[in-house]
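Notes for the one structure printed next.
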Amino acid sequence: MNYLTKVMEELQASREINELDLPSRDLTQTFVEEAMNTLFPISARRSKSHCAQEALLVQLETHLKLLLLPVKRELNKPIDDLSKQFMLNLPKVYKALLLDAQAIQNFDPAARNLGEVIVSYPGFFAIMVYRLSHELYLANIPIIPRLMSEYAHSKTGIDIHPGARIGESFFIDHGTGVVIGETAIIKDHVKIYQGVTLGALQVKKSLAKKKRHPTVEDNVIIYSNATILGGDTIIGRNSVIGGNVWLTSSVDSNSLAYHTHKIKVRSSINENNIIDFQI
């Protein structure tokens, strides 16, 4: 017997026992890209024809229905109803994304215009995928929102769980290494930088239905590599969290939290001559 035939037979036997009927990752990625092109069509490819615009919407809805087919037994509503509701929510998502793009343009000196933000900023792409996937998450659709968020994660290095609750005018600068957990709450006009983690203090299955991630109130700025943990942790409005800060307890409104560390400098002339100072 050809050894590949044997491998195939063993794999098939195993698959029959552990058969997985899951949405396609490739189709999920296509759906995300089509959603962006539908909401923000590049002018060179844009058609002012109502028929052309409607065709984009029909194609997007068709792909969503195909994604939903493998999980139809787990859905609480018919596929047609769920896809219709998602499409009806697109104008709301679009308006929210325009506010996000405007926030990035307003606060990033390198951003020349909204178009540049929309087509080239990884922070905006990750936020866009989050807002789309969040709509499906709210509809109790399994797996697909996570596939969408992991696609954005793979492209940008930004990991936003679709279950997080994020308010208006959200700004992520640079973004690589940002992690925002499932039960995190981020209110309006919040700005965060690369490497920020809004995470859980403990990782236990028994906490799956609990609030495990922090709440960040209005107008907060969180600088790079800050780590904020715990479902009871609240960052009060108008606060600034400095880089490399580690927080597991709440911060009052209008606070400034920053990290200090000690550096020891040893003289190359005399090893016993050590100077201590703080930064």
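The values are calculated or read from the model by the stated rules, or taken from the named source; none is laboratory data. The model shown is predicted, which means the values in this text are computed figures rather than measured ones. Cβ atoms come from the backbone with ideal geometry, glycine included; neighbour counts cover every protein chain shown. Remember, those area values only see protein heavy atoms, side chains included, never the ligands or the DNA or RNA. Shrake-Rupley method; radii C 1.70, N 1.55, O 1.52, S 1.80 Å.
Scanning segment 95-137 for residues that are free of Cβ contacts under 8 Å to residues at least 12 places away in the same chain and in a loop (DSSP other than H, G, I, E, B) returns P109, A110, A111, R112, N113. All told, L147 falls short of being open to solvent by 20 Å² or more (accessible area, probe 1.4 Å) and over 15 Å from the mean Cα position of the chain (by Cα). Restricting G236, G230, G195 to residues that are farther than 23 Å from I144 by Cα, at pLDDT 95 or above, touching a Pro at 6+ places or on another chain (Cβ under 7 Å) and not aromatic (F, W, Y) narrows the list to G230. Scanning segment 208-248 for residues being surrounded by 17 or more Cβ atoms within 10 Å (Cβ to Cβ) and over 21 Å from D188 (Cβ atoms) gives a total of 7. For segment 138-187, the set of residues classified as touching a residue at least 40 places away in the same chain (Cβ under 8 Å) and part of a helix (DSSP H, G or I) consists of I144, L147, M148, Y151, A152, listed by residue number.
Each row is one residue, and each column tells you yes or no for (1) over 27 Å from H174 (Cα atoms); (2) surrounded by 12 or more Cβ atoms within 10 Å (Cβ to Cβ).
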position: F40; (1), (2): no, yes
position: C51; (1), (2): yes, no
position: L60; (1), (2): yes, yes
position: L66; (1), (2): yes, yes
position: Q85; (1), (2): yes, yes
position: Y94; (1), (2): no, yes
position: Q102; (1), (2): no, yes
position: G115; (1), (2): no, yes
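The residue pairs whose first member lies in segment 224-248 and is touching a residue at least 24 places away in the same chain (Cβ under 8 Å) and closer than 22 Å to I158 by Cα, whose second member is assigned to a loop (DSSP other than H, G, I, E, B) and aromatic (F, W, Y), and whose beta carbons are closer than 6 Å, counting only pairs six or more residues apart or on different chains, are S224/Y193; G243/Y223. N140 falls short on exactly one of the conditions (1) more than 26 Å from W246 (Cβ to Cβ); (2) polar (S, T, N, Q); (3) surrounded by 23 or more Cβ atoms within 10 Å (Cβ to Cβ), and that condition is (3).
Yes or no: R112 of a type in the set (K, R) and within 30 Å of Y193 (Cα to Cα)?
Values: of a type in the set (K, R): yes; within 30 Å of Y193 (Cα to Cα): yes.
Taking the combined requirement at face value, the residue satisfies it.
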